[in-house]
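*Asks:* Here you go, one structure.
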Amino acid sequence: MSEFRLKPGDTVAFIACSDGLAPEERSQVGELATRLRAFGLEVEEARTLISSGGPFSGTPSERAGELNRLFADPRIVAIFDLSGGDSANQILPLLDYESIRRSNKPLFGLSDLSTVLNAIAWKSGIRTYHYRMWNLIGAYGERQREEFYRTFFEGLPDLYNFDFDFLQGEDLNGDVAGGNLRCLLKLAGTPYWPDFTGKVLLLESLGGKANRIVSLLAQLSQTGALERCSGLLLGTFTELESRGEFGIVRDYVRELTRSRPIPIVQSTRIGHGEDAKCIVIG
């Protein structure tokens, strides 16, 4: 069942906590807002959404301030981050985690937002949503919009259900932490690094050939995360798979878990693909 419900008349907000959106993306923002308004929602834009020269939509303080404001605003029922890139972790020390905890409000994002999704889930104890809102106007937009509506308006599990294959083991259960592998590792050694004990560890990636992904997995293993998690959920590794190199990484993950053969699941419906599903973090 859905973790929360939307209804006509609710107000949602767009924000960019990572790199700001380019001015030429304004038309896509408008299209996405139109689709959400067709559901009966009101849409508000954060002041830090479109970049104003350079890669950023505001200073770290300004971006964090806007996110804090949206969490604290009782009119806003859900926050949709539309950004990605490299900059989201700048805001982490500036967030009001106690206010966020009290709001218990859903934040959606993907890719570089893995830093914010996991930090908030860990520090505030609320659930966040690993989902790319742009999917609603992407190549599979009609199906994605139908599944989004059925999940978040009707309380059905459509956007949470996905096909998968076991690479190791035969049962995998538990709350999820993780997301984009490169971005998640920005949290290592910081106060925002989650405790993965008993968690299903989600890993996916847009960029990266086999050598880079193997290097990142080695770092992840060296943090001790693979010794504490209950299993792995491998989503799409876009560049890796386009080069036919997933087998290298699959074998390396098996090697890393040889002494502790945790369940490992693979799904082509989690990650950066335009047909991807939603994973709850926390």
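The values are calculated or read from the model by the stated rules, or taken from the named source; none is laboratory data. Here the structure is a predicted model, which means the values were calculated and not measured. Reconstructed Cβ throughout: ideal geometry from the backbone, glycine too, with neighbour counts over all protein chains shown. Please note that ligands, DNA and RNA were not included when accessible areas were found on the heavy atoms of the full protein model with its side chains. Shrake-Rupley method; radii C 1.70, N 1.55, O 1.52, S 1.80 Å.
*Asks:* What is the sum of charges, Lys and Arg at +1 and Asp and Glu at -1, for the other residues whose Cβ falls under 12 Å from the Cβ of residue 57?
*Replies:* -4
*Asks:* To continue, here is another question. Rounded to the nearest 500, what is the 222 nm mean residue ellipticity of the chain from helices alone, with -39500 (n - 2.57) per DSSP H run of 4+ residues and division by all residues?
*Replies:* -9500 deg cm²/dmol
*Asks:* Tell me whether the range 6-56 comes out rounded, prolate or oblate; compute the Cα gyration tensor, take square roots of the eigenvalues as a ≥ b ≥ c, and use a/c under 1.5 as the rounded threshold. Don't skip to the answer; put the middle values down first.
*Replies:* On the way: a/c = 3.76, a/b = 2.04, b/c = 1.84.
Cα axes put the range 6-56 in the prolate bin.
*Asks:* Quick check on the range 13-98: what does the Kirkwood estimate of hydrodynamic radius come out to from the alpha carbon pairs, in Å?
*Replies:* 13.1
*Asks:* Quick one: work out the % antiparallel among DSSP beta bridges in the chain, nearest 5.
*Replies:* Given both bridge residues lie in the chain, the antiparallel proportion sits at roughly 20 percent.
*Asks:* Now, a different point. Accessible area of the range 83-200 with a 1.4 Å probe: how many percent of it is carbon plus sulfur? Please report the intermediate quantities before stating the final value.
*Replies:* Values: 2040 of 4770 Å².
Result for the range 83-200: 43 percent of the exposed heavy-atom area is carbon or sulfur.
*Asks:* How large is the convex hull of the C-alpha atoms of the range 1-147 per residue, in Å³?
*Replies:* 102
*Asks:* Most fluctuating residue of 154, 170, 66 in a GNM of the chain with Cα springs under 10 Å: which is it?
*Replies:* Residue with maximal mean-square fluctuation among 154, 170, 66: 170.
*Asks:* Once the other residues with Cβ under 12 Å from the Cβ of residue 216 are scored (Lys, Arg +1; Asp, Glu -1), what is the net sum?
*Replies:* Numbers: positive: 182, 186, 209, 212; negative: 204.
With Lys, Arg at +1 and Asp, Glu at -1, the neighbours total +3.
*Asks:* Where does each of 111-118, 216-223 land if you order them by average Cβ count within 10 Å, highest first?
*Replies:* Working: 111-118: 27.6, 216-223: 15.8.
Packing proxy ranking, top to bottom: 111-118, 216-223.
*Asks:* Taking the highest mean first, how do the peptides 231-238, 43-50, 9-16, 258-265 order by number of other beta carbon atoms within 10 angstrom per residue?
*Replies:* Ranking the peptides 231-238, 43-50, 9-16, 258-265 by packing returns 231-238, 9-16, 43-50, 258-265.
*Asks:* Where the centre of each part is set by its Cα atoms, how far does the range 16-40 sit from the range 122-166, in angstrom?
*Replies:* A separation of 17 Å, based on Cα centres.
*Asks:* Further question: With the cut-off at 21 Å, tell me which of the pairs 199/277; 123/199; 7/105; 209/277; 123/209 have Cα atoms farther apart than that.
*Replies:* Pairs exceeding the cut-off: 209/277; 123/209.
*Asks:* Keeping all protein chains in place, calculate the accessible area per residue for the chain (probe 1.4 angstrom), answer in Å².
*Replies:* Each residue of the chain exposes 41 Å² on average to a 1.4 Å probe.
*Asks:* Highest first, please rank the peptides 203-210, 161-168, 103-110 by the mean number of other Cβ atoms sitting within 10 Å of their residues.
*Replies:* 103-110, 203-210, 161-168
*Asks:* Across all directions of projection, what mean area in square nanometres is found for the Cα convex hull of the chain? Could you put the intermediate results ahead of the total?
*Replies:* Values: hull surface 54.6 nm².
Its Cα hull, projected and averaged over all orientations, spans 13.7 nm².
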